[in-house]
Amino acid sequence: MSIMDKRGYHYQLAPDLTICRIVNGMWQVAGGHGYIDHKLAIEDMIRYHDAGFTSWDLADIYGPAEDFIGDFRRKLSALKGEEELNKVQALTKWVPQPRIITRSIVDESIQRSLRRMGVSSLDLLQFHWWDYNNPYYMDALKYLSDLRDKGIVKHLGLTNFDTERMQIMVDSDIQIVSNQVQYSIIDRRPEVKMIPFCIKHNISLLAYGSICGGLMSERYLGRTQPPSIADLDTLSLRKYKKMIDAWGGWTLFQELLSTLNRIAQKCNVSIANVATRYILDKAAVAGVIIGARLGISDHISNNALVFNFSLDKSDYNDIEAVCTRSNNLFETIGDCGDEYR
Ligand SMILES: NC(=O)c1ccc[n+]([C@@H]2O[C@H](COP(=O)([O-])OP(=O)(O)OC[C@H]3O[C@@H](n4cnc5c(N)ncnc54)[C@H](OP(=O)(O)O)[C@@H]3O)[C@@H](O)[C@H]2O)c1
């Protein structure tokens with residue numbers, strides 16, 4: 001059965017933009033996650049699409065990701081007709097180096113993404129800025145808003161912005177539909193300031209890192225701590241192992257995995273499913289982005305189970321009983337996105 005047939009699988013991010021609540025993440029094609037075979041990758045993209053996973057998260061800086069969307073769309077159109085393309089949502093990002101931002105820099109960057117992706121307008125453009133001390137992000141947002149008003153960008157989103165800067169945007173009448181941030185059972189920083197702000201201003205969150213690169217899975221249950229970060233074979237695993245260390249360390253993480261495993265077995269799903277469901281049920285969350293190592297590994301049928309079950313009060317209490325012994329990442333790292341700055 002396609003997840004298309006299941007209840008609650010989609011989310012209306014904007015009146016004309018509905019996404020699958022599990023978004024396929026394409027950072028994994030950018031290097032550091034094993035060799036990606038182009039042909040196998042595009043074939044896999046068709047399989048994700050056929051299973052109902054029609055939404056993709058990518059970026060101009062994710063290696064060939066935007067070109068893959070272009071190739072995928074051409075193949076999909078050839079296989080099923082142009083109409084089928086209406087079912088695809090490709091959510092890209094613009095991640096410029098901080099400098100003076102002019103209108104022509106913005107126009108050229110967006111034109112490049114359009115060309116690569118083979119589209120006439122972008123469903124959602126998520127903007128990232130590395131350095132708040134450089135104020136030109138507000139200029140960039142103004143020029144992007146103009147492109148949105150012309151229909152070249154359908155909707156404007158952000159990634160890794162903190163609540164303080166989003167307040168500045170709201171005060172300047174910049175219309176934002178979403179912010180993409182790290183959000184998982186171990187990294188609940190969005191709950192401190194970001195989620196109340198998003199609820200108040202009707203902005204949605206797209207969560208990443210919710211299964212910690214795959215660390216939140218049976219594969220790591222009962223495993224001894226990797227002797228060094230280099231023993232983990234993807235950049236994603238390394239990134240979130242550091243987050244686990246900051247959160248409370250490997251022993252506490254194993255307790256969390258045991259708890260998630262008990263819940264997973266009770267619900268007849270996987271640990272990753274429980275970790276995903278937990279975030280999907282949070283206020284303001286539109287979707288969880290799960291990284292796809294296209295042509296290498298495949299969790300399509302397992303991830304579809306996320307739409308088949310729900311967590312109850314005792315599950316939340318059991319998870320909370322472990323998390324309450326962790327460090328407060330908002331205090332040690334800061335608000336959403338501060339880990340990049
Ligand atoms: N805005 C940003 O700054 C930012 C930062 C990071 C990520 N992202 C976005 O978020 C996406 C997700 O990346 P992430 O780093 O957060 O990775 P992730 O989604 O936490 O982990 C992805 C990995 O989890 C494993 N996995 C997936 N489903 C599973 C299942 N059902 N059971 C067991 N394991 C499963 C797979 O590992 P195997 O392949 O090894 O099986 C997969 O490669 C990225 O592609 C990107 O689009 C954005």
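The values are calculated or read from the model by the stated rules, or taken from the named source; none is laboratory data. Just so it is clear, the model here is predicted, and its values are computed rather than measured. Positions of Cβ are backbone-derived with ideal geometry, glycine not excepted, and every protein chain shown enters the neighbour counts.
Quick notes on this structure:
- In the range 182-219, residue nearest to N273 (Cα to Cα) [restricted to those that are touching a Pro at 6+ places or on another chain (Cβ under 9 Å) and not in a loop (DSSP other than H, G, I, E, B)]: A207
- The residue of the range 10-54 that is farthest from the ligand (Cβ to nearest atom), among those that are under 14 Å from L76 (Cα atoms) and hydroxyl-bearing (S, T, Y), is T54.
- Test: residue in the range 286-301 that is surrounded by fewer than 16 Cβ atoms within 10 Å (Cβ to Cβ), within 19 Å of C212 (Cβ to Cβ) and either among the aliphatic types (A, V, I, L, M) or touching a Ser or Thr at 6+ places or on another chain (Cβ under 7 Å) (or both): no
- Counting only residues that are out of contact with any Lys or Arg (no Cβ under 7 Å at 6 or more places or on another chain) and assigned to a strand (DSSP E or B), the range 132-174 holds 3 of them.
- Every residue from the range 204-221 that is within 14 Å of K282 (Cβ to Cβ) and more than 8 Å from the ligand (Cβ to nearest atom): S204, L205, L206, A207
- Enumeration of residues in the range 1-20 that are modelled with pLDDT of 95 or more, touching a Phe, Trp or Tyr at 6+ places or on another chain (Cβ under 9 Å) and surrounded by fewer than 22 Cβ atoms within 10 Å (Cβ to Cβ): T18
- Scoring I319 on the criteria (1) among the β-branched types (V, I, T); (2) farther than 16 Å from A275 by Cα; (3) surrounded by 17 or more Cβ atoms within 10 Å (Cβ to Cβ) leaves a single failure, condition (2).
Yes/no matrix, rows are residues, columns are (1) of a type in the set (D, E); (2) surrounded by fewer than 22 Cβ atoms within 10 Å (Cβ to Cβ); (3) outside any helix (DSSP H, G or I):
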site	(1), (2), (3)
E43	yes, yes, no
G52	no, yes, yes
F68	no, no, no
R74	no, yes, no
N86	no, yes, no
P96	no, yes, yes
R99	no, yes, yes
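Residues checked against (1) touching a helix residue (DSSP H, G or I) at 6+ places or on another chain (Cβ under 8 Å); (2) closer than 27 Å to Y136 by Cα:
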{"position": "Q12", "(1), (2)": "no, no"}
{"position": "R21", "(1), (2)": "yes, no"}
{"position": "A41", "(1), (2)": "yes, no"}
{"position": "I61", "(1), (2)": "no, yes"}
{"position": "K80", "(1), (2)": "no, no"}
{"position": "E84", "(1), (2)": "yes, no"}
{"position": "D107", "(1), (2)": "yes, yes"}
